[in-house]
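The values are calculated or read from the model by the stated rules, or taken from the named source; none is laboratory data. Not measured: the values here are computed from a predicted model. Every residue, glycine as well, gets a Cβ built from its backbone with ideal geometry; the counts of neighbours run over all protein chains shown.
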Amino acid sequence: MATCSETNSDTEDQDKEYVGFATLPNQVHRKSVKKGFDFTLMVAGESGLGKSTLVNSLFLTDLYKDRKLLNAEERIMQTVEITKHTVDIEEKGVKLKLTIVDTPGFGDAVNNHECWKPVADYIDQQFEQYFRDESGLNRKNIQDNRVHCCLYFISPFGHGLRPLDVEFMKALHEKVNIVPVLAKADTLTPTEVKRKKIKIREEIEQYGIKIYQFPDCDSDEDEDFKKQDYELKESIPFAVIGSNTVVEAKGKRVRGRLYPWGIVEVENSAHCDFVKLRNMLVRSHMQDLKDVTRECHYENYRAHCIQSMTRMVVKERNRKYDLSRNLLFMFLLYNILVFGVQIII
């Protein structure tokens with residue numbers, strides 16, 4: 001039986017061997033929670049595909065209460081514009097500054113030639129602003145407005161991707177993490193959803209579109225996580241249904257859509273991929289989306305800017321060197337012609 005003095009001695013020996021850097025994750029956690037988090041989500045796709053409803057369903061908020069719906073004539077005349085909605089969300093002491101970037105007018109015109117250009121320009125403008133702030137003198141409180149993820153809504157009507165879908169994703173896949181979403185999945189049967197998903201994935205690969213790639217699981221991950229990761233990859237594009245209406249189903253109140261033939265539950269995995277999309281965006285891959293934005297898309301933009309600036313400096317230096325040589329040559333020529341001076345260089 002160990003005495004009290006022996007126990008204290010063992011504890012003191014353990015304390016001597018314990019440095020304390022094992023508490024670093026806790027320190028980072030406390031600092032991060034105190035500072036809060038930010039996330040910028042872009043939604044793109046033609047009108048009527050349920051973008052606003054899905055965003056409200058994802059984050060349990062109402063970001064579009066003051067929205068004005070345009071009629072057909074107004075939509076034809078409307079050009080693509082960029083609108084931002086910012087909301088502060090707090091859950092269990094963790095604060096999230098959520099910014100939703102919407103693209104009203106996209107794909108609604110008769111002529112949609114380069115209608116994605118304002119979207120691409122907006123993403124570049126956020127990169128440029130961050131680059132300027134990062135290169136400035138005061139770098140302490142830099143606002144990160146870079147777009148971390150773009151949910152692109154694909155129409156359920158048709159046989160796959162439309163030319164506009166292909167052109168949009170190819171124009172932006174080097175700038176932002178694109179997550180394709182199959183909108184209004186309740187208009188399709190389960191067989192049609194499965195067939196359309198396979199078709200869209202084949203076309204994405206065929207056209208060389210680089211959508212957001214889920215990171216591979218490490219070998220030491222548990223089987224449940226590996227299964228979840230596999231299901232996420234197989235769910236692309238996410239077949240989603242959005243609803244802010246609470247209905248009663250089997251004695252329970254759920255968010256869903258009420259039809260004459262039954263109820264479609266938004267948060268029922270057997271009905272749609274809404275829960276998988278929400279878990280991916282918020283619970284499992286939000287930080288990875290931010291990391292890929294910072295380490296890949298922004299770094300590519302930053303490298304391009306530095307290369308352009310270097311080329312400009314070299315070009316200016318060469319121009320000044322050529323100017324100096326020309327002035328020297330003119331000076332020598334003037335002396336030879338006027339004074340007949342022979343100068344040996």
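For the subset of the stretch 126-166 comprising residues that are of a type in the set (Ser, Thr, Tyr) and surrounded by 12 or more Cβ atoms within 10 Å (Cβ to Cβ), which member is farthest from residue 195 (Cα to Cα)?
Among them, the one singled out is 130.
Give me the residue from the stretch 174-192 that is in a loop (DSSP other than H, G, I, E, B) and surrounded by fewer than 19 Cβ atoms within 10 Å (Cβ to Cβ) and, out of that set, modelled with the highest pLDDT.
So the residue we want is 174.
Residues that are free of Cβ contacts under 8 Å to residues at least 12 places away in the same chain: list the strands (runs of 3 or more DSSP E) wholly contained in the stretch 230-274 that include at least 2 such residues.
246-249, 252-259
Looking at 262, 242 in this structure, which one is on the phi > 0 side of the Ramachandran plot and small (Gly, Ala, Ser)?
262
What is the number of the single condition among (1) under 22 Å from residue 207 (Cα atoms); (2) at pLDDT 85 or above; (3) in contact with an Asp or Glu (Cβ under 8 Å, 6 or more places away or on another chain) that residue 99 does not meet?
With respect to (1) under 22 Å from residue 207 (Cα atoms); (2) at pLDDT 85 or above; (3) in contact with an Asp or Glu (Cβ under 8 Å, 6 or more places away or on another chain), residue 99 is out only on (1).
Condition check ((1) among the charged types (D, E, K, R); (2) touching a residue at least 40 places away in the same chain (Cβ under 8 Å); (3) touching a helix residue (DSSP H, G or I) at 6+ places or on another chain (Cβ under 6 Å); (4) in a loop (DSSP other than H, G, I, E, B)) across all residues:
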{"position": "122", "(1), (2), (3), (4)": "no, yes, no, no"}
{"position": "127", "(1), (2), (3), (4)": "no, yes, yes, no"}
{"position": "133", "(1), (2), (3), (4)": "yes, no, no, no"}
{"position": "139", "(1), (2), (3), (4)": "yes, no, no, yes"}
{"position": "142", "(1), (2), (3), (4)": "no, no, yes, yes"}
{"position": "152", "(1), (2), (3), (4)": "no, yes, no, no"}
{"position": "159", "(1), (2), (3), (4)": "no, yes, no, yes"}
{"position": "166", "(1), (2), (3), (4)": "no, yes, no, no"}
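Being farther than 20 Å from residue 151 by Cβ and under 23 Å from the mean Cα position of the chain (by Cα), is that true of even one residue in the stretch 209-218?
The answer is yes, given that some residue of the stretch 209-218 is farther than 20 Å from residue 151 by Cβ and under 23 Å from the mean Cα position of the chain (by Cα).
Filter the stretch 106-145 for residues that are at pLDDT below 85 and of a type in the set (A, V, I, L, M) and give the result.
109, 110, 137, 142
Here is a list: 302, 283. Which entry is of a type outside the set (A, V, I, L, M), surrounded by 13 or more Cβ atoms within 10 Å (Cβ to Cβ), on the phi < 0 side of the Ramachandran plot and out of contact with any strand residue (DSSP E or B) (no Cβ under 8 Å at 6 or more places or on another chain)?
302
What's the number of the condition residue 217 fails, among (1) surrounded by fewer than 18 Cβ atoms within 10 Å (Cβ to Cβ); (2) at pLDDT 85 or above; (3) in a loop (DSSP other than H, G, I, E, B)?
(2)
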